[in-house]
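*Asks:* Here it is: the structure, laid out below.
The values are calculated or read from the model by the stated rules, or taken from the named source; none is laboratory data. Bear in mind the structure is a predicted one, so any value in this text is a computation, not a measurement. In this analysis, Cβ positions are derived from the backbone assuming ideal geometry, glycine residues included, and neighbour counts consider all displayed protein chains. Keep in mind that these areas ignore ligands, DNA and RNA; they rest on the heavy atoms of the full protein, side chains included. Shrake-Rupley method; radii C 1.70, N 1.55, O 1.52, S 1.80 Å.
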Amino acid sequence: MDFGTREHIGQTKGHLTMGGVDTIDIARQHGTPLYITDEGRIRANYRRFAAAFPQADIYYAVKANGNLAVLRILAREGAGADVFSDGELYAALLAGITPERILFNGNAKTDVELSMACETGVRVSVDSLDELRTLSAIASEAGTVVEIAFRVNPDVSPLTHPKIATGLATSKFGVPHAQVPACYAEALSLEGVRPVGIHCHIGSQILELSPFAEMMTKMMDLVATLKTKLKLELEFIDVGSGLGIPYAGPAPTPSDLANVILPIFTTRSQALGIHSRLILEPGRYIVGDATVLLCTVNAVKEAHRTFVGVDAGFNLLLRPTLYDAYHEVIVANKLDEAPTHTYTIAGPICESGDILARDRRLPTIEKGDYIAVLDTGAYGFAMSSQYNGRRRSAEVLVSGGAVTSIRRRESYSDLLAGQVIPPHLL
Ligand code: LLP
């Protein structure tokens, strides 16, 4: 079987291997559904990305996969973090990512989150003038100065799924680019905030390079305006991420992205005589292909289609249901068998939309077989839920031929954690 660019995945005696370990053995030991992540692959992905941008800082997007072990691996690799909530900030700090390498993003931050930013000393990407004023008041009250950027809405179409396009003029994110100079002017006049950067992020799973070029040009136009109009020289220019991965076909590489945006960044910086650092915030590229979701077949049914009912559904992998996303699926214990049937892989959730994969040619599937859903490291477990009273899965890490637990399977009491029967119902 051809696993494309996924060099950490292979097969032995018809069984799927990850990092050289038989995933069927892992399933027998840890049960399913199970997320299996390859540490070496995360490191290799990170290094490949960092090598394409040798002068830039890489702030891993914690939302893609916030498991502490994953964060620790990336902290050790030297990554900073893009965090989008107080919880992500808490996890990133706990994993050892230092505050000066963390940018706190978010379009509707609470006052508690802004206070936490002040206390921990991270930088904040401010999404609106309203938020700027609130942050200024909170920081002044705390007697501190927070370094900020503005999240810019550059009005660029990323040519991706509308639900993950974030830089369109119609999107909820960021300050419309025409309003950006006025925002910086106000920030310069306020206490408690110091504008040192500029930020944007145009979307995710982007497979075309032209939107990145357009974004970089528009950002450098703004940087130029800030320099000429406000004499402001920014320390950093953070252009987010969005680089797609080859779920179902070719995708650009970090080098392709670098070849498109670095010349614009460098030429324009030189022309302006500025020395801002470039920051990128990859999530999907770093962790996406490093994980498989392994599930067990509970029942095969001939109906309108041939449905294969497995023990993981959109409770554990929402992407196919939410975005019609394509994930490669394979029969992990029958890799040496040829396709015989067309199957639709259905989860156990009580909703018709709970389909992981439609009409796939696969070897004959029986109850007890294992289905592996590939490329589930990004926005997989991270978007999971307990819907339908389903306990969330365990997660294991394969590193150096050894398998370790990085999250235990939830218990029934985890399902009820925090719930209380009020006294009058006792
Ligand atoms: N920076 C910011 C500010 C972001 O909002 C995001 C993702 C990233 C960086 C990382 O982008 P990436 O490198 O992963 O493309 N749940 C969706 C993706 C939502 C992405 C949200 N923002 C999915 O499963 O496709």
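*Asks:* Strictly over 30 Å apart at the Cα level, which of LYS163/LYS227; LYS172/LYS218; LYS63/LYS301 would you flag in this model?
*Replies:* Among LYS163/LYS227; LYS172/LYS218; LYS63/LYS301, the Cα-Cα distance tops 30 Å for LYS163/LYS227; LYS63/LYS301.
*Asks:* Pop out the ³J(HN,Hα) list for segment 331-341 in order, Karplus 6.51 cos²θ - 1.76 cosθ + 1.60 with θ = phi - 60°, rounded to Hz; leave Gly and Pro as x.
*Replies:* Whole-Hz 3J(HN,Hα) from phi for segment 331-341: 8, 5, 9, 9, 5, 8, 9, 7, x, 10, 9.
*Asks:* Here is a follow-up. Can you compute 3J(HN,Hα) from phi for each residue in segment 240-257, using the Karplus curve 6.51 cos²θ - 1.76 cosθ + 1.60 with θ = phi - 60°, rounded to whole Hz and x for Gly and Pro?
*Replies:* After applying 6.51 cos²θ - 1.76 cosθ + 1.60, I find x, 8, x, 4, x, 10, x, 4, 9, x, x, 9, x, 9, x, 5, 4, 5 Hz.
*Asks:* Sequence-distant or interchain residues sharing an amide H contact under 5 Å with ASP375, placed H: which?
*Replies:* THR291
*Asks:* Let me ask something else about it. Along Cα→Cβ, 7 Å out, is where each label goes; now give me the distance between the ones at ASP2 and THR340 in nm to one decimal.
*Replies:* Spacing of the two 7 Å Cα→Cβ label points: 2.5 nm.
*Asks:* If you roll a 1.4 angstrom probe over the protein chains with everything in place, what fraction of the accessible area of segment 104-190 belongs to carbon and sulfur, to the nearest %?
*Replies:* Result for segment 104-190: 55 percent of the exposed heavy-atom area is carbon or sulfur.
*Asks:* So, one more: With a ≥ b ≥ c the root eigenvalues of the C-alpha gyration tensor of segment 2-99, is it rounded (a/c under 1.5), prolate (a/b larger than b/c) or oblate?
*Replies:* oblate
*Asks:* For segment 352-426, what % of the accessible area comes from carbon and sulfur atoms, probe 1.4 Å? Could the numbers behind the result be given before it?
*Replies:* On the way: 2170 of 4050 Å².
So the carbon and sulfur contribution to the accessible surface is 54 percent.
*Asks:* Convert each backbone phi in segment 25-41 into a coupling constant with the Karplus relation 6.51 cos²θ - 1.76 cosθ + 1.60 (shift: θ = phi - 60°), then list the ³J(HN,Hα) values in order as whole Hz, x for Gly and Pro.
*Replies:* 4, 4, 5, 5, 7, 9, x, 10, x, 8, 8, 10, 10, 9, 4, x, 5
*Asks:* Then there is this: Give me the Debye-computed log₁₀ of I(q)/I(0) at q = 0.13, 0.18, 0.21 Å⁻¹ for segment 279-426, equal point scatterers on Cα only, no solvent, two decimals.
*Replies:* -0.65, -1.12, -1.40
*Asks:* On a 1.4 Å probe surface of the protein chains, which of LEU322, LEU222, LEU207 comes out largest in accessible area, and what is the full order?
*Replies:* Working: LEU322 60, LEU222 15, LEU207 80 Å².
Sorted by accessible area, descending: LEU207, LEU322, LEU222.
*Asks:* Please work out whether segment 350-426 counts as rounded, prolate or oblate from its C-alpha gyration tensor, where a ≥ b ≥ c are the square roots of the eigenvalues and a/c under 1.5 means rounded, while otherwise a/b larger than b/c means prolate and anything else oblate? All intermediate terms of the calculation are to be shown ahead of the outcome.
*Replies:* On the way: a/c = 2.56, a/b = 1.50, b/c = 1.70.
Verdict is oblate for segment 350-426.
*Asks:* Report, to two decimal places, the Cα Rg of segment 321-381 normalised by 2.2 N^0.38 Å (N = number of residues). Write out the running numbers ahead of the final one.
*Replies:* Values: Rg = 12.0 Å, N = 61, 2.2 N^0.38 = 10.5 Å.
Compared with the compact-globule rule of thumb, segment 321-381 sits at 1.14.
*Asks:* Could you list which residues have their amide H under 5 Å from that of ILE406, counting only those 5 or more apart in sequence or on another chain, with H placed in the peptide plane?
*Replies:* HN-HN under 5 Å from ILE406: GLU395, VAL396, LEU397.
*Asks:* Ok, one more. Which one of LEU425, GLN270, ILE330 is farthest out on the positive end of the charge dipole of the chain, using unit charges on Cβ (Lys, Arg +1; Asp, Glu -1) and the Cα centre as origin?
*Replies:* Checking the options against the dipole of the chain, the answer is ILE330.
*Asks:* Within segment 316-357, list the GluC sites (Glu not before Pro) lying in a DSSP loop whose Cβ has at most 14 other Cβ atoms in a 10 Å radius.
*Replies:* GLU337, GLU351
*Asks:* Determine, from the Cβ-Cβ distance of GLU302 and LEU230 and an R0 of 56 Å, the FRET efficiency 1/(1 + (r/R0)^6), rounded to the nearest 0.05. Don't jump to the answer; show the numbers that get you there.
*Replies:* Working: r = 68 Å, r/R0 = 1.22.
Approximately 0.25, to the nearest 0.05.
*Asks:* Which trypsin sites (Lys or Arg not before Pro) does segment 194-286 hold that lie in a coil by DSSP with at most 11 other beta carbons within 10 Å? Write down the numbers at each step before the final one.
*Replies:* Values: sites: LYS218, LYS227, LYS229, LYS231, ARG268, ARG277, ARG284; in loops: LYS231.
Filter output for segment 194-286: LYS231.
*Asks:* If you don't mind, another one. For segment 117-215, state which trypsin sites (Lys or Arg not before Pro) are in a DSSP loop and have at most 12 other beta carbons lying within 10 Å of their beta carbon.
*Replies:* Values: sites: ARG123, ARG133, ARG151, LYS163, LYS172; in loops: LYS172.
Here the trypsin sites (Lys or Arg not before Pro) that fit, given the DSSP loop and packing criteria, are LYS172.
*Asks:* Then there's this: What full-extension length gain, to one decimal in nm, is calculated for ASP414 and HIS161 as 0.36 nm per residue of separation minus the Cα-Cα distance? Don't jump to the answer; show the numbers that get you there.
*Replies:* Working: separation 253, 0.36 × 253 = 91.08 nm, distance 3.41 nm.
Length gained, ASP414 through HIS161: 87.7 nm.
*Asks:* Summing +1 for each Lys or Arg and -1 for each Asp or Glu, what net charge is found among the other residues whose Cβ lies under 11 Å from the Cβ of VAL260?
*Replies:* Details: positive: none; negative: GLU208, GLU214, ASP256.
Local charge sum for VAL260: -3.
*Asks:* Treating only the Cβ of Lys, Arg, Asp and Glu as charged (+1, +1, -1, -1), what charge dipole size does the chain show about its Cα centre? Round to the nearest 20 debye. All intermediate terms of the calculation are to be shown ahead of the outcome.
*Replies:* Working: 39 positive and 47 negative charges, 73 e Å.
For the chain, the charge dipole is close to 360 debye.
*Asks:* Moving to a separate point now. Considering the options ILE406, ALA346, ALA258, tell which one lies farthest towards the positive end of the dipole of the chain, charges being +1 on Lys and Arg and -1 on Asp and Glu at the Cβ, about the Cα centre.
*Replies:* ALA346
*Asks:* For ILE421 and GLN270, what does the FRET efficiency come to when R0 = 51 Å and r is the distance between their Cβ atoms, rounded to the nearest 0.05?
*Replies:* Values: r = 67 Å, r/R0 = 1.31.
Given R0 = 51 Å and the Cβ-Cβ separation, E is 0.15.
*Asks:* What residue among GLY242, SER204, THR225 has its Cα farthest toward the positive end of the dipole of segment 190-252, where the charges are +1 on Lys, Arg and -1 on Asp, Glu, each on the Cβ?
*Replies:* THR225
*Asks:* May I pose another question? Tell me, in nm to one decimal, what length is gained between ARG28 and THR134 on full extension, where the rule is 0.36 nm per residue of separation less the Cα-Cα distance?
*Replies:* Values: separation 106, 0.36 × 106 = 38.16 nm, distance 5.28 nm.
Computed gain between ARG28 and THR134 is 32.9 nm.
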